[in-house]
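The structure appears below as structure tokens.
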Amino acid sequence: MTTPFNPRVDRQRRLARFLRVGAVITFVVAVAALVAPGRAGTSFGVAMVGVLVAVPLIRLAWLARRWLRKGDRRFALVALLLALIISAGAFLGR
Amino acid sequence: MPSEAVLIGLSFVAAGMGALGGLGGAVLLVPVLVLLGLEPALAAPLGLLSAASGSLAAAVPQLEAGLVHHRLGVTMETTASLGVLGGALLSDSLSAATLSRILAVVALSSALAAGLRKGMRNLPQSTFDGELGGEWPGTLSGAYQAPGGVVPYAARRVPSGLLAMVGAGLVSGLSGVSGGFIKTPIMSEIMHVPVKVSAATSTFTTGFTAATGLVIFASQGRIDVAAGAAVVVGGLLGGTVGVLAQRRLSAPRARVAISVLLATVAVVLFVRA
């Protein structure tokens, strides 16, 4: 059997950094939503929801791009399909 | 609506215990919020916010451990997200009593899933010693580093798994729980993916599940952002502490404790509904 492993450490370092930054931004914006008065607090709350929705979508885009570059078109298409399904929620919810 | 301090505390405990037991925090948080008198339709978005923050808190440790199978997660999430869309759209039209009963069934199912989880099916193979764990490009196969060596695996019965994921998504959209307690057994028991990989991949997909539901709830104006912020703060802190504690404490014991707690919550919800 061949060894189809890929070293994951380097390639995922940037993704891990992005996720850490995403978590910190979410936390800071959530705290701001709690402490900021009135409309500012609401705006921070909306931004918090936006970040929580955006982080997995950016991660999905990152994966799709990487799979496409590696010639793994089938899974890049699956990722695109998932992004479309998630986006459909915005229209179906209205 | 409970006060913000109470929500932070509840979310912290739920996310911490959820991370310890590998079930996700929303499955604890949502039934407790409903027991405290919150309408299930309002508790569902808070549950998804808790699920999203818990997924984000656990993402880096699980990524660094090489346990997440991205291709498997994205593939399974396509049908799960369709279920979430349907569930979230239906949840607006169901009565509070019906949603409470659904939550009770969900809590009871989680209690059983936590209590009955099995040991290792896939065993380390010495021929893979020295290899790095991770997913194999272009496939739903891979390997992970277990204490006894490298364990190779391949997802089986993918169509059955995809179909079952619709149900997991439907439950998530209806009730606001992340569905990890359903997705993990689907991947481990139906598809024969190792439990650790299943749990980490399920946590990864929770971010998409939550995003799908949150997009709908936001467009319906059903998210209380102040309460949501409290849940997210508690969820991020609790999830981080839970993931750190998971390395030191016995996960089976945590799962048993969660199982008993969920069964109690289910009984109370049934009685109230």
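The values are calculated or read from the model by the stated rules, or taken from the named source; none is laboratory data. In this text, all values refer to a predicted model and were calculated from it rather than measured experimentally. No Cβ is skipped: glycine too gets one built from the backbone with ideal geometry, and neighbour counts run over all protein chains shown.
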Q: Taking only region B:79-108 into account, find how many residues are under 19 Å from B:Ala210 (Cβ atoms) and of a type in the set (S, T, N, Q).
A: 3
Q: Please find, among A:Leu68, A:Leu60, A:Leu81, the residue that is without any contact (Cβ under 8 Å) to a residue 60 or more places away in the chain and crowded, with 22+ Cβ neighbours inside 10 Å.
A: A:Leu60
Q: State the number of residues belonging to region A:14-44 that are more than 7 Å from every other protein chain (Cβ to nearest Cβ), more than 28 Å from B:Phe204 (Cβ to Cβ) and part of a helix (DSSP H, G or I).
A: 5
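Listed here are the residues, each with its yes/no results for (1) among the small types (Gly, Ala, Ser); (2) touching a residue at least 24 places away in the same chain (Cβ under 8 Å).
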position: B:Gly9; (1), (2): yes, yes
position: B:Ala26; (1), (2): yes, yes
position: B:Val32; (1), (2): no, yes
position: B:Gly37; (1), (2): yes, no
position: B:Ser55; (1), (2): yes, yes
position: B:His69; (1), (2): no, yes
Q.
I'd like the full set of residues that are in a helix (DSSP H, G or I) and at pLDDT below 75, limited to region B:107-121.
A. B:Ala107, B:Ser110, B:Ala113, B:Ala114, B:Gly115
Q. So which residues in region B:34-74 are among the charged types (D, E, K, R) and assigned to a loop (DSSP other than H, G, I, E, B), if there are any at all?
A. B:Glu39
Q: Mind telling me which of the residues B:Pro124, B:Pro137 ends up being part of a loop (DSSP other than H, G, I, E, B) and at pLDDT 75 or above?
A: B:Pro137
Q) From the list B:Val68, B:Val27, which residue is buried (at least 24 other Cβ atoms within 10 Å of the Cβ) and more than 23 Å from B:Pro152 (Cα to Cα)? A) B:Val27
Q) Do we find that A:Val21 is hydrophobic (A, V, I, L, M, F, W, C), under 19 Å from the mean Cα position of the chain (by Cα) and modelled with pLDDT of 95 or more in this structure? A) no
Q | Flag for B:Ser172 being under 21 Å from B:Ser50 (Cβ atoms) and of a type in the set (S, T, N, Q) | A | yes
Q. What are the residues in region B:84-97 that are at pLDDT 80 or above and either assigned to a loop (DSSP other than H, G, I, E, B) or more than 10 Å from every other protein chain (Cβ to nearest Cβ) (or both), if any?
A. B:Gly87, B:Leu90
Q | Evaluation of B:Gly16 against (1) modelled with pLDDT of 85 or more; (2) within 27 Å of B:Pro194 (Cα to Cα) (one fails), failing number | A | (1)
